[in-house]
1. So B:Lys351 passes all but one of these: (1) over 20 Å from the mean Cα position of the chain (by Cα); (2) part of a helix (DSSP H, G or I). Which condition number does it fail?
2. I'd like to check something: does region B:142-156 contain any residue that is in contact with a strand residue (DSSP E or B) (Cβ under 9 Å, 6 or more places away or on another chain) and closer than 14 Å to B:Thr13 by Cα?
3. Would you be able to tell me the number of residues in region B:181-198 that are under 30 Å from B:Ser235 (Cα atoms) and at pLDDT 95 or above?
4. Report every pair of residues separated by at least 6 positions or lying on different chains whose Cβ atoms are under 8 Å apart, first residue within region A:230-244 and not assigned by TED's automatic domain parsing to the domain that holds A:His37, second among the acidic types (Asp, Glu).
5. Kindly establish whether A:Ser58 is touching a Phe, Trp or Tyr at 6+ places or on another chain (Cβ under 7 Å) and at pLDDT below 95.
6. Of all residues in region B:256-286 being over 26 Å from A:Leu410 (Cβ atoms) and surrounded by fewer than 24 Cβ atoms within 10 Å (Cβ to Cβ), which is farthest from the other protein chains (Cβ to nearest Cβ)?
7. Taking region A:345-387 on its own, how many of its residues are over 18 Å from A:Lys151 (Cβ atoms) and not aliphatic (A, V, I, L, M)?
8. Mind checking which residues of region A:374-384 are assigned to a helix (DSSP H, G or I) and not polar (S, T, N, Q)?
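The values are calculated or read from the model by the stated rules, or taken from the named source; none is laboratory data. Worth saying up front: this structure is predicted, and the values here are computed from it rather than measured. Neighbour counts run over all protein chains shown; Cβ positions are idealised from the backbone, glycine included.
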There are 2 protein chains.
Amino acid sequence: MATLAAQKQHKVTIVGSGNWGTTMSKLVAENVQANPHLFQQTVQMWVYEEECIIPKGSRHYDPSSDMSTKPQKLSHVINTLHENIKYLPGITLPSNVVANPDLPAAVKDSTILVFVLPHQFIPRVCDQLVGHIVPFARGICCTKGVDVSEKGIRLMSEAIGMRLNIYCGALSGANIASEIAQEKYSETTVAYDPPPMDSRHPTPKVSPSSSQVDLISPSRVNPSSRSAPLIPLPSDYPPLSRENIRKLFHRPYFHVRIVDDVAGVSLGGALKNIIALAAGYVDGLGWGDNAKAAVMRVGILEMVRFGKAFFGDSVKTGTFTEESCGVADVITSCMGGRNFRCAKRSIETGKSIYEIEETELNGQKLQGTSTAHEVHTFLKSQGLEAEYPLFTAVYDILEGNVKPEQIPELIEPKD
Amino acid sequence: MATLAAQKQHKVTIVGSGNWGTTMSKLVAENVQANPHLFQQTVQMWVYEEECIIPKGSRHYDPSSDMSTKPQKLSHVINTLHENIKYLPGITLPSNVVANPDLPAAVKDSTILVFVLPHQFIPRVCDQLVGHIVPFARGICCTKGVDVSEKGIRLMSEAIGMRLNIYCGALSGANIASEIAQEKYSETTVAYDPPPMDSRHPTPKVSPSSSQVDLISPSRVNPSSRSAPLIPLPSDYPPLSRENIRKLFHRPYFHVRIVDDVAGVSLGGALKNIIALAAGYVDGLGWGDNAKAAVMRVGILEMVRFGKAFFGDSVKTGTFTEESCGVADVITSCMGGRNFRCAKRSIETGKSIYEIEETELNGQKLQGTSTAHEVHTFLKSQGLEAEYPLFTAVYDILEGNVKPEQIPELIEPKD
């Protein structure tokens, strides 16, 4: 009976086409091919249109071709060459990835929206989506980071879910995009735990005890509320169960573990950048591997404390200590990530990290420095800086209030 | 009243004087100076006597001195120069470290015995100690590793405790000795949870529910039993509380956390070497930081499963996922430890790891290869290899049964 009911397949759109978005399109497109009973065979990838030209070093460079001599639309180049020559050069995309610069057209009828946008574009893009998505769509947010201010903490997935009135989960892990694009083995964590609202529960109840509402920080000034109840998936679609969501992302080279804890998964991807700065400082001091491992360990426990303090029991210790989005992402970020490298370099050169950002990142900003500031502002507003000595030490180092050499005494347990 | 009762101070002996033993002597000697009300001011360090000569590169080299021209007793050199020129060259020891080659004399009247011996010497040295220690002494075992065979698992601390009929805790962490000797910041974990047996509990009861007995693997064929009840500490000594044990080890550059879980602390120091081999394999394949972090994460969870399966509820998940002896030691070992480096090199050169041991370690054996074999023998005897896919994969790679490239499929979750 169940097989008769499911006559449709899910349409998937990847909202974003940078380095990570294009990588996600590739692996999702491989998975829809492997699961034709669940998913439509074309994967839409929304492209923020720009002009590009095939560079001389590219394997596609051909001086007799227009694409190598005249600026072309990026979406056209992707659909012609099956390669995002600008953001993921050298990787061939499956031919069922279709780049589309028209946002409403790209998401039309899609039941699954995978968000892979730079942090700052999420509100604007969501506003443009209102009225263009099916009301029973579900989102997965692959953008790392959270919005933290004096007023509280807002998860990216939560911002998307509330603007579009859909359920939105999160994907995060030790995921350097270029390695995954090359099909080098890695893992990720998907947080996916929608409240009961499928066709077998025709009256979805989004009560304060449902998992969606549990994500709201109790410290937020204005507790959020939805404008309307969540809309159940029609029964002629296969259910969007955890297992089917896993089939959308899991590959032999990209192992997926599904958890419930959206807040924990989202926080891990943000807070790890503060830890990476601390690890870079002690490594820059030449203190060796014991010290680096120690600040990583202390940092993971501050993540746990932060999650539990501000998101309550929906956050699980194991999300940080046992999952790819926690301990593994900390490890990867502290082995060679940008925050780690810039902090280390700032010690080695005697320059402030802001000077390093200027000179070595072409003015791009590190995620860790802004997260450290935002988290500090929030903790200070709560009078809780002392409970997070490593996060506070990183802020104070950035501000020049303390020296990196003081990290051990600052984080020394006071028991 | 309590202060009147404590008229004596604890005498401390470090049993061992290698790289790690000499480092422990240095930091313990600093701590007894800082806590004269608790500890006697001289720290005995038992030295396995050998002859040595000051090498030309040493800052102590002086061609007009006997010590630079004729072989001398190592204990004499240490006590004259306050440096262990053979095993910890370049580090000045506090003058209250006294090297002593006479084992019974070194431990005479000592209430605290810190064991820092190579694995294989522990049984013989303990046998030589019987009858020479005070019956109410307590031990702390700093030797990593466990004895695993088809019959079961024996912790080093347990082997010491049973041979000497004393309580023996354990110390383990992300502790590269040379970095600590240079007072570079690090952390460690001390497992210390003696059953009630101090002078306020004059009839110590070592029941099957006490923590000492909980350490015994239920799978062991012959459950161990003490020959006699543990002897309480006389009331004229300061109590050997967790806090006082912490004061013996904690330094501004060596942060100590005390836990109850002796089995978990001991297992972490052994099993991490298997994980380091796996990390070395994937790094040798050029798979990058995502893959390395993934096998580390999977390995930590296999540690947890192993501890809980064979040591029951006395083992805590957090010992592996939150403490220096767990996650931090895994990190340090997978960043540049010997097991990691040799496994990586074996992939890069196409040689077996046994050839690498021969050519690059002067025939010394890696801890990881023997632990992987022992653990596999034990798991096989229990029919549980499939429950530990990473440990089993490392064994099968060592044996040539599978290729390192197969690690992702071998550890892929089957849910």
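1. Unmet condition: (2).
2. yes
3. Counting residues in region B:181-198 that are under 30 Å from B:Ser235 (Cα atoms) and at pLDDT 95 or above gives 5.
4. none
5. So A:Ser58 fails the test.
6. Selected residue: B:Asp260.
7. Of the residues in region A:345-387, 21 are over 18 Å from A:Lys151 (Cβ atoms) and not aliphatic (A, V, I, L, M).
8. So the first thing to find is which residues in region A:374-384 are assigned to a helix (DSSP H, G or I), and the list is A:374-382.
Across region A:374-384, the qualifying residues are A:Glu374, A:Val375, A:His376, A:Phe378, A:Leu379, A:Lys380.
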